[in-house]
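Throughout, read-outs are computed from the coordinates displayed, never taken from laboratory work. Source: prediction; values computed, not measured. No Cβ is skipped: glycine too gets one built from the backbone with ideal geometry, and neighbour counts run over all protein chains shown.
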Ligand code: DUC
Ligand code: ZN
Ligand code: ZN
């Protein structure tokens, strides 16, 4: 099957030029001027932009949390992603123990990946996994490299969530060394677990239970300090590290400080840290903005923008981890009523509010209007942050994140003049609210191809469950 897209303006991470693209089956076959081919489909993209499909390096689909689960699964979350121009998503495997018991190392990894593979059978876009490294012992250490055989070359570590997800610094340091020796990459959630634990206990004992206390018990200095600590450990291990969801201005300062000294540290931010502040948690519906790390201040927003403008940061992911705001009231999704317990679980206690926000669909359209149109980043930086850089860092480039012959034909036709009053009316994220309700957008995906198949055509969904493929990843690049 051949599709010829004529006269579009191609935007890559480095160039902008007018050309035609010929797609043959699942790949880009040719790019050039005045291409002629007897194609099955001809698309006139005059006045439109052509982008490589977005790559979201950080999502949490079907993730059990507290007494519920994140409300998008590998079908609904992927469908929403596609409507926002994203054609590859990476989520995190929870490290479980085999039913026969703990400490089996490779067995636990295989078992856990198997559970996630099963969940992802309904995938609608391409996907891969990171492994949450939430325990560390000799057996685990020995078997970490076996993850590479499963196409997983990334380990996520946490400096917070004491006694649940956190590793001590010794474990993190050894994980960095193992990653270094095997061409793997450590991703780090940086907060200060001890400070959070102490402040949370104190807040609860003083009866402070409202959403704002979620932010007040997770101070910005904790992430600043933890990010610098992580960069310092990476340097001492001579390993690269990727810091997820950078949220504080001081954290970007630490990233810049470390990178200027040659430390192989890379940083990701997410749209919520560019637009929202701790004040949103003071609203009556403040629970909608509860995620970890929390929202900060306008000064932090500004410093993170500056990090994107200057290129201190490398990627924009989403940390998409949606929950219903009112999980007692059904919504209609694809014609069926659905309700999943959500933020109301923590009505009387902020520590019981499931942590996480929707954003997998919002990322590219919101960043285009409020990043590119607003003059913070160029269209090429937009492509770099949302597609090419994540593809490079996570070992998918140039199969993903590139408009070149031979690449997967994950192609977005983007209408830069399309005006949209954004919000629930446009959202396919399976939850009952959208953080960007009523925001005016200019520029929006018009058609989205996944490996040559048109899966989004305007407002029409043409994809289906099972269209998405698991991507075995190679060693990535250090940017
Ligand atoms: N933070 C969240 O808010 N949700 C999921 C995981 C995380 O780190
Ligand atoms: Zn995290
Ligand atoms: Zn996350």
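Taking packing as the residue-averaged number of other Cβ atoms within 10 angstrom, the listed peptides 135-142, 282-289, 249-256 run from highest to lowest as 249-256, 282-289, 135-142.
The distance from the alpha carbon centre of segment 418-473 to that of segment 52-103 is 17 Å, rounded to a whole number.
Angle of helix 169-182 to the longest C-alpha principal axis of the chain, folded into 0 to 90 degrees and rounded to 10: 30°. Sequence-distant contacts, meaning Cα pairs under 8 Å at least 6 residues apart, place the relative contact order of segment 334-410 at 12 percent.
Put simply, when 461-468, 76-83 are sorted by average Cβ atoms within 10 angstrom per residue, most first, you get 76-83, 461-468. Full extension of the chain between residue 261 and residue 478 gives 76.6 nm of extra length, using 0.36 nm per residue less the Cα-Cα distance.
For segment 54-393, the relative contact order works out to 18 percent when only alpha carbon pairs closer than 8 Å and six or more residues apart are counted.
Taking the Cα atoms only, what angle lies between the long axis of helix 220-237 and the longest principal axis of the chain, rounded to 10 degrees? Value to nearest ten degrees: 80. For segment 205-359, DSSP calls about 25 percent of its internal beta bridges antiparallel.
If you plug the beta carbon distance of residue 2 and residue 333 into 1/(1 + (r/R0)^6) with R0 = 35 Å, you get a FRET efficiency near 0.50.
Between residue 348 and residue 30, the C-beta separation translates, for a Förster distance of 60 Å, into a calculated FRET efficiency of about 0.45. Extension gain, residue 417-residue 238: 0.36 nm per intervening residue step, less the Cα-Cα distance, totals 59.8 nm. Put simply, when 150-158, 63-71 are sorted by average Cβ atoms within 10 angstrom per residue, most first, you get 150-158, 63-71.
Each DSSP beta bridge with both residues in the chain is either parallel or antiparallel, and the antiparallel ones are about 50%. With respect to the chain, whose longest principal axis is taken over its alpha-carbon atoms, helix 298-310 is tilted by about 50°.
Modelled label positions at residue 18 and residue 464, each set 7 Å beyond Cα in the direction of Cβ, lie 3.9 nm from each other.
If you take the Cα centroid of segment 189-223 and the Cα centroid of segment 240-318, the two points sit 18 Å apart.
Over the residues of the chain, the helix contribution to mean residue ellipticity at 222 nm works out to -7500 deg cm²/dmol, using -39500 (n - 2.57) for each DSSP H run of at least 4. Secondary structure note: in segment 66-167, about 10% of the DSSP beta bridges are antiparallel.
May I ask you to derive the relative contact order of segment 9-156, considering only C-alpha pairs under 8 Å and at least 6 residues apart, and to give it as an integer percent? Relative contact order, segment 9-156: 18 percent.
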